[in-house]
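Chemist: Below you will find the structure I want to go over with you.
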Amino acid sequence: MTTDPSLTELANRVSDARDRPAYGHDALITCDRLVRIFTTDGVEVQALQGLDLLVREGELMALVGASGSGKSTLMNILAGLDTPTAGAARVAGRDLLTMTAADRLAYRRETVGFVWQQTARNLLPYLTAAQNVALPLQLSGTRKGRRARRERALELLELLQVADCRDRRPQQMSGGQQQRVAIAVALANAPAVLLADEPTGELDSQTATQIFEAFRTANETLGTTIVIVTHDQAVAGEVRRTVAIRDGRTSTEVLRRSEIDAATGHETVVAREYAMLDRAGRLQLPADYLRALDMRDRVALELESDHIGVWPDGTR
Ligand SMILES: Nc1ncnc2c1ncn2[C@@H]1O[C@H](COP(=O)(O)OP(=O)(O)OP(=O)(O)O)[C@@H](O)[C@H]1O
């Protein structure tokens, strides 16, 4: 039998809740019940339906999901190009809902860098690779002097192994070279976060692997936090954490870690899939699990000492 809590216990619970760190207090990117509703011709589309996501500083992670699940909507919000309808979003201490137009411009120039799928969208066609990388430095005013800007541009092109393209215009480079130069442009102002929306979408698989290696180099050498939206299973399989978005919410997450066999010293990567549990206790079960057990509308739950059992309606 349970007894009602005393007033002192209730007061203690309130004070515990107050002292508990806020959701995402130690994350670089925090999306808290993010909602984005588009209205066209009187019809509402809920592109994001209360999406929660935390990304730690220094992570290299992938976002996956079916077409229309809300990935680009999320990326546009994180890039400061669109504003959410409701919820909260913070990146590197900036509140994306309350930024002024001037803050937003500074945010796009200094805090985030982005690489888009269409190689042509990332670079100015009439500038060389080195000039493309130097341009954001000039616009933000972080490097004074043409020589200092060119030096920084060449350093980044070198890091991404496209130094030989420095004096070429985009149409004189391959798609893969253009994307590597695009990554250098995005990194020019040393952003805290690099966002990439299908950066390998227009490339063959071998070139896509090289582009992914360029992201890894940026992450490991410069410590940049990187979020990549991808359909490419090979890319999604290379990162430690892949978050799946379904119907405008984060639904499942795959974490990969290396395990070393004590006997042979052989290293293998072990992947494990998790369902996301939101702060209201809501859980999205994978669609194939629901189909396999013909679960719909409602399920029976049972609390065990170390797990919760979930059964199709009518079987318990
Ligand atoms: N500007 C807009 N106006 C109206 N509806 C929009 C707009 N942008 C996106 N949507 C709708 O919001 C939903 C999510 O779209 P979004 O582009 O974010 O999906 P996605 O996961 O990036 O898809 P894809 O993989 O095909 O790029 C879709 O139903 C889409 O039609």
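Chemist: So which residues in region 21-41 are crowded, with 20+ Cβ neighbours inside 10 Å and either over 22 Å from Ala275 (Cβ atoms) or near the ligand (Cβ under 8 Å from one of its atoms) (or both), if there are any at all?
Modeler: Arg36
Chemist: Which members of region 142-167 meet the condition of being surrounded by fewer than 17 Cβ atoms within 10 Å (Cβ to Cβ) and not in a helix (DSSP H, G or I)? Before the answer, list the steps.
Modeler: Restricting attention to region 142-167, the residues satisfying the condition of being surrounded by fewer than 17 Cβ atoms within 10 Å (Cβ to Cβ) are 142, 144-148, 151, 155, 158, 161, 163-164, 167.
Across region 142-167, the qualifying residues are Thr142, Lys144, Gly145, Gln161, Asp167.
Chemist: Continuing with the same structure: Looking for whichever is within 16 Å of the ligand (Cβ to nearest atom), within 26 Å of Leu194 (Cα to Cα) and not aromatic (Phe, Trp, Tyr) here; the options are Val269, Val243, Val239, Val254. Which one fits?
Modeler: Numbers: Val269 fails: within 16 Å of the ligand (Cβ to nearest atom); Val239 fails: within 16 Å of the ligand (Cβ to nearest atom); Val254 fails: within 16 Å of the ligand (Cβ to nearest atom).
Residue meeting the stated conditions: Val243.
Chemist: Can I ask one more? Could you list, in sequence order, the residues of region 179-207 that are farther than 23 Å from Gln138 by Cβ and more than 17 Å from the chain's Cα centre (by Cα)?
Modeler: The answer is Glu202, Leu203, Asp204, Ser205, Gln206, Thr207.
Chemist: Turning to a different aspect of this structure: Restricting to region 65-100, what's the tally of residues that are within 11 Å of the ligand (Cβ to nearest atom), of a type in the set (D, E, K, R) and without any contact (Cβ under 8 Å) to a residue 60 or more places away in the chain?
Modeler: The qualifying residues number 1.
Chemist: Additional query: Restricting attention to region 153-171, does a residue exist that is within 16 Å of the ligand (Cβ to nearest atom) and farther than 22 Å from Val55 by Cα?
Modeler: Within region 153-171, the subset within 16 Å of the ligand (Cβ to nearest atom) is none.
For region 153-171, residues within 16 Å of the ligand (Cβ to nearest atom) and farther than 22 Å from Val55 by Cα: absent.
Chemist: Let me confirm something: among Arg272, Arg316, Arg291, which residue is loosely packed, with under 10 Cβ neighbours inside 10 Å and among the basic types (Lys, Arg)?
Modeler: After applying the criteria, what remains is Arg272.
Chemist: Further, regarding this structure: Out of region 42-64, which residues are closer than 23 Å to Ala280 by Cα, buried (at least 19 other Cβ atoms within 10 Å of the Cβ) and either within 7 Å of the ligand (Cβ to nearest atom) or under 12 Å from the mean Cα position of the chain (by Cα) (or both)?
Modeler: Ala47, Asp52, Leu53, Val55, Leu63
Computed from the coordinates by the stated procedures, all read-outs in this text should not be read as laboratory data. Bear in mind the structure is a predicted one, so any value in this text is a computation, not a measurement. Please note: Cβ atoms are built from the backbone with ideal geometry, for glycine as well, and neighbour counts cover all protein chains shown.
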